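*Asks:* Quick one: the structure is below, questions incoming.
The values are calculated or read from the model by the stated rules, or taken from the named source; none is laboratory data. Note that the coordinates shown come from a computational prediction; the quantities given were computed from them, not determined experimentally. Glycine also receives a Cβ, built like all others from the backbone with ideal geometry; neighbour counts cover every protein chain displayed. Surface areas here come from the heavy atoms of the whole protein model, side chains and all, with no ligands, DNA or RNA. Shrake-Rupley method; radii C 1.70, N 1.55, O 1.52, S 1.80 Å.
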Amino acid sequence: MRAPPFEQSVFINCPFDSKYEDLLHAIVLTTVSLGFIPRCALESGEADYRFPHILDLLTKSKYSIHDLSRFTGEGPGNLARMNMPLELGVGIGLKQAQTRRKRRWAVMVPEVSVKAGADPDAYEYQRYISDLAGKDPLRHEGTPESVIREVYSWLKTLDEVVSPQPAAPAIVAALPPFQQKIADRRKDALGKSIWADVLTSALDAAPKVKG
Amino acid sequence: MNQVFISYKSTPKERALAGRLRSALEDEGIKVWMDKALEAGESWEHALQDQLEKTAAIVFLVGPDGRVSEEQRDEATAVFRAEWEKPEKIPLIPVITSETELPPFLKQVPAIEVTDMEKGWSNAAQKIKLSLGTSPSAVAASSSTETSSGESEQQARLLEIQRFADSLKSASESHPKEKLAR
């Protein structure tokens, strides 16, 4: 397999359930539109969540985005999903440990205000991941547009972003055609979601800019 | 609106440089906001969001090591988020103290170089004052919606991503994986 350049690789650590799928697509489209290569556990076949594989992808990516949307317990056992915080920890550890290769990570959380309490401006993430106090996360409202806003605003500050960049509204407008292309390719693949098809659909739909 | 925000790296040396720039800007009649204006217990994030509403430009001070710090990049992210639904962009003005390669987000306007550490700040402040009178859309036009007609950096990158997608597809077809729960 062709190894993508480290400096242009963005590891995406997020839920892969159907409820999150639109948001994952928003991340992928924004990442591709700004010239970065999204990498995630879905890329090697239908899914490969083995930890060594995830460590390999993280190690080979200069940048990483970690969405902690699933921070509450779910299902009969009321269990929270710990894989995403675990991978965030690895991302932070890699940055701290490897000085030769500069890395950068971003945490993304749903913007949920704490309704009760003394501080009217407090957010839930300040409670469930208080160790990140002082490091402002990217905050979305659970919509694809808000995810594009956050990922776009972050990627724009990186050294390897393409210049000029497509305007943000053009990326928002490209999202429905992008998702239609994914649906068409999925249909052709007899319902199977193939990461390469997601990437190709993003390439087709990404707004193009002049040199 | 005649206020600027100074973004600088949080080291004693760069804080001192930011202080000199602040004084020079205030001498020009420009109101300056920087983190030392925070009150005890005040959230940096909320203060920054509030101040961006009143800010005509962000001055990014890049010190002698030529590096933009992570905190400065976080501040730039906050600026881009704040201007998401606004028709006018907030100009980002780089002020450098040595020759350096700036990241793309600081290439909207030419950098103001301060070489004379004694008199240079006053000149820099005058140039910043002058740029405040310039239309923001004229200085902050790094994004484009135009369709492609020539080779761009983005097109070269998209080609690279396509090659990667093709190689992924070949690999996944020859080695299908079992689906596991995350």
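*Asks:* Among the residues of the range B:3-26, write down those that are in contact (Cβ under 8 Å) with a residue 40 or more places away in the chain and farther than 17 Å from residue B:58 by Cβ.
*Replies:* B:11, B:13, B:20, B:23
*Asks:* Being open to solvent by 10 Å² or more (accessible area, probe 1.4 Å), outside any helix (DSSP H, G or I) and modelled with pLDDT of 95 or more is the requirement here; does residue A:160 meet it?
*Replies:* yes
*Asks:* Also: For the range B:116-143, enumerate the residues that are at pLDDT 90 or above, open to solvent by 50 Å² or more (accessible area, probe 1.4 Å) and among the β-branched types (Val, Ile, Thr).
*Replies:* none
*Asks:* Which one of these is aliphatic (A, V, I, L, M) and farther than 15 Å from residue A:25 by Cα: A:199, A:138, A:203? So that I can check it myself, show each step before the final result.
*Replies:* Working: A:199 fails: farther than 15 Å from residue A:25 by Cα; A:203 fails: farther than 15 Å from residue A:25 by Cα.
The conditions single out A:138.
*Asks:* Suppose we filter A:72, A:59 for residues that are of a type in the set (Ser, Thr, Tyr) and modelled with pLDDT of 90 or more; which single one remains?
*Replies:* Only one candidate passes the filter, namely A:59.
*Asks:* So if I check each of A:180, A:126, which one is under 26 Å from residue A:36 (Cα atoms) and free of Cβ contacts under 8 Å to residues at least 40 places away in the same chain?
*Replies:* From the options A:180, A:126, the qualifying one is A:180.
*Asks:* Tally up the residues in the range A:52-111 that are within 13 Å of another protein chain (Cβ to nearest Cβ), assigned to a helix (DSSP H, G or I) and polar (S, T, N, Q), please.
*Replies:* Residues in the range A:52-111 being within 13 Å of another protein chain (Cβ to nearest Cβ), assigned to a helix (DSSP H, G or I) and polar (S, T, N, Q): 2 in total.
*Asks:* Separate question: On the basis of being under 23 Å from residue A:8 (Cβ atoms) and hydrophobic (A, V, I, L, M, F, W, C), does residue A:132 make the cut?
*Replies:* no
*Asks:* Looking only at the range A:1-34, which residues are outside any helix (DSSP H, G or I) and under 22 Å from residue A:95 (Cα atoms)?
*Replies:* A:3, A:4, A:5, A:9, A:10, A:11, A:12, A:13, A:14
*Asks:* Name the residues in the range A:93-123 that are modelled with pLDDT of 75 or more and among the β-branched types (Val, Ile, Thr), would you?
*Replies:* A:107, A:109, A:112 - these are the residues of the range A:93-123 that are modelled with pLDDT of 75 or more and among the β-branched types (Val, Ile, Thr).
*Asks:* Turning to a different aspect of this structure: Within the range A:1-45, count every residue that is closer than 24 Å to residue A:74 by Cα, at the interface with chain B (Cβ under 9 Å from one of its Cβ atoms) and touching a residue at least 60 places away in the same chain (Cβ under 8 Å).
*Replies:* 1
*Asks:* Separate question: Restricting to the range A:2-20, name every residue that is open to solvent by 10 Å² or more (accessible area, probe 1.4 Å) and either at positive phi or at pLDDT 95 or above (or both).
*Replies:* Quick first cut of the range A:2-20, residues open to solvent by 10 Å² or more (accessible area, probe 1.4 Å) only: A:2-8, A:16-19.
Result: A:5, A:6, A:7, A:8.
*Asks:* Residues to consider are A:148, A:129; find the one that is within 12 Å of chain B (Cβ to nearest Cβ) and under 26 Å from residue A:19 (Cα atoms).
*Replies:* A:148 is the lone residue from the list that is within 12 Å of chain B (Cβ to nearest Cβ) and under 26 Å from residue A:19 (Cα atoms).
*Asks:* Also: Return the residues of the range A:21-52 that are modelled with pLDDT of 90 or more, among the charged types (D, E, K, R) and surrounded by 21 or more Cβ atoms within 10 Å (Cβ to Cβ); say none if nothing qualifies.
*Replies:* Listed by number, the list holds a single entry, A:39.
*Asks:* Now for a separate question. Test residue A:143 against the criterion of being exposed (fewer than 15 other Cβ atoms within 10 Å of the Cβ) and modelled with pLDDT of 95 or more, and give yes or no.
*Replies:* yes
*Asks:* Something else now. Please go through the range A:169-210 and pick out each residue that is part of a helix (DSSP H, G or I), open to solvent by 20 Å² or more (accessible area, probe 1.4 Å) and either within 11 Å of another protein chain (Cβ to nearest Cβ) or of a type in the set (Val, Ile, Thr) (or both).
*Replies:* Once the filter is applied, which keeps residues that are part of a helix (DSSP H, G or I), open to solvent by 20 Å² or more (accessible area, probe 1.4 Å) and either within 11 Å of another protein chain (Cβ to nearest Cβ) or of a type in the set (Val, Ile, Thr) (or both), the range A:169-210 yields A:169, A:170, A:172, A:173, A:185, A:200, A:204.
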